[in-house]
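The values are calculated or read from the model by the stated rules, or taken from the named source; none is laboratory data. In this text the structure is predicted, and so the values were computed from the model without any measurement. Neighbour counts are summed over all protein chains in view; Cβ atoms, including those assigned to glycine, are modelled from backbone coordinates with ideal geometry. Quick note on the areas: whole protein, heavy atoms, side chains included, nothing else; ligands and nucleic acids left out. Shrake-Rupley method; radii C 1.70, N 1.55, O 1.52, S 1.80 Å.
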Amino acid sequence: MRLAELSARSGVPTATIKYYLREGLLPPGRRITATQAEYDEDHLRRLRLVRAMIQVGRIPVHSAREVLAALQDDSLDRNERLGTAVWALPHGPEPDESDPATQAARRTADALLDRLGWGHARPSGTAAPPAYGMLVTAITALARLGYPCAVEDLEPYAHTVERIAAADLDVVERYATPEEQVEAAVALTVLYEPVLLSLRRLAEAEESHRRFGGA
């Protein structure tokens, strides 16, 4: 397909597609003349992923480039490519190591992961999953403000997201090739987070009405 058709099918303006091509977010098309190139379904799929990351996930171009580099690294297996790509996504603030509450929060996070048996979520050597740092930071804030954040308080949430993670990968496995699966996992990480947030708020409204709304 030509650039105009790629734009029409993806809903992305041609000027934006050209920008993604210049930035290396989209591989070049097959050159057919000095001024024209042809694109295929792989370009369309990659364009949708880039659009999801930048437009919906508000991911900076340099971070999107890192994610795409991980997706294309053939030296990694599917699990490693997925992990590397998700690590490259923007995350929340790192724990403040100068805060005395951080070490206590880290102990709580470690105890929770141990209870869950989530060995791969723990820091390994000098590396720690970005989400681990986010968890420590969140527990620190909860503790400082006096809200429940013991292992027993957090465990029900963890078991809920275990089911969500399984559902995520069930969707990912609908795609045919390992590359499509890893791309889908990244896109769904970005696109489903607002879905999860909105569903949680709607569910809380329903539960509040059930408990406190009266007859």
Mind ranking 7-18, 60-71, 162-173 by how tightly packed they are, going by the mean number of other C-beta atoms within 10 angstrom, highest first? 60-71, 7-18, 162-173
Where does the charge balance sit around residue 74 when Lys and Arg score +1, Asp and Glu -1, over other residues with C-beta under 13 Å from its C-beta? -2
Find the accessible area per residue for segment 102-185; the probe is 1.4 Å, ligands and nucleic acids are left out, and the unit is Å². 59 Å²
Neighbourhood charge, 9 Å Cβ-Cβ cut-off, centred on residue 1 and excluding it, Lys, Arg +1 and Asp, Glu -1: -2
List the longest stretch of the chain that has no exposed loop site; here a site is one of the chymotrypsin sites (Phe, Trp or Tyr not before Pro) assigned by DSSP to anything other than H, G, I, E or B, with at most 15 other Cβ within 10 Å. 1-117
Segment 180-215 and segment 135-162 have their Cα centres apart by a whole-number Å value of 18 Å
Here are labelled values, (i) -0.37, -1.08; (ii) -0.30, -1.26; (iii) -0.23, -1.28, and one is the computed log10 I(q)/I(0) by the Debye sum over Cα atoms at q = 0.07, 0.17 Å⁻¹ for what I pasted. Which one? (ii)
Just grab the label-to-label distance for residue 163 and residue 18, each label 7 Å out from Cα along the Cβ direction, in nm (one decimal). 5.1 nm
Length added when fully stretched, residue 42-residue 80, from 0.36 nm per residue minus Cα-Cα: 11.5 nm
Contact order relative to length for the chain, counting C-alpha pairs under 8 Å separated by 6 or more residues, stands in percent at 18 percent
Extend 7 Å from the Cα of residue 73 along its Cα-to-C-beta direction; within segment 97-139, residues with backbone N under 14 Å of that point are 127-130
Counting only protein heavy atoms and a 1.4 Å probe, tell me what percentage of segment 32-179's accessible area is made up of carbon and sulfur. 56 percent
Show me the ranking of peptides 178-184, 198-204 by mean Cβ neighbours inside 10 Å, starting with the highest. 178-184, 198-204
Derived scalar couplings ³J(HN,Hα) [segment 49-66; Karplus, 6.51 cos²θ - 1.76 cosθ + 1.60; whole Hz; x for Gly, Pro]: 5, 4, 5, 4, 5, 7, 7, 8, x, 6, 7, x, 4, 5, 6, 4, 5, 5
Interchain or sequence-distant (5+) residues whose placed amide H lies within less than 5 Å of the amide H of residue 37 are 3, 32
Convert each backbone phi in segment 86-103 into a coupling constant with the Karplus relation 6.51 cos²θ - 1.76 cosθ + 1.60 (shift: θ = phi - 60°), then list the ³J(HN,Hα) values in order as whole Hz, x for Gly and Pro. 5, 4, 6, 5, x, 10, x, x, 6, x, 8, 5, 7, 7, x, 6, 5, 5
222 nm mean residue ellipticity, helices alone, for the chain (DSSP H n ≥ 4; -39,500 (n - 2.57); rounded to 500): -21500 deg cm²/dmol
How many nm separate the modelled label positions at residue 33 and residue 202, each set 7 Å beyond the Cα in the direction of the Cβ? 4.9 nm
Residue-wise HN-Hα coupling along segment 108-121, computed from phi with Karplus coefficients 6.51, -1.76, 1.60 (Hz; x: Gly, Pro): 5, 4, 5, 5, 5, 5, 5, 5, 7, x, 8, x, 7, 8
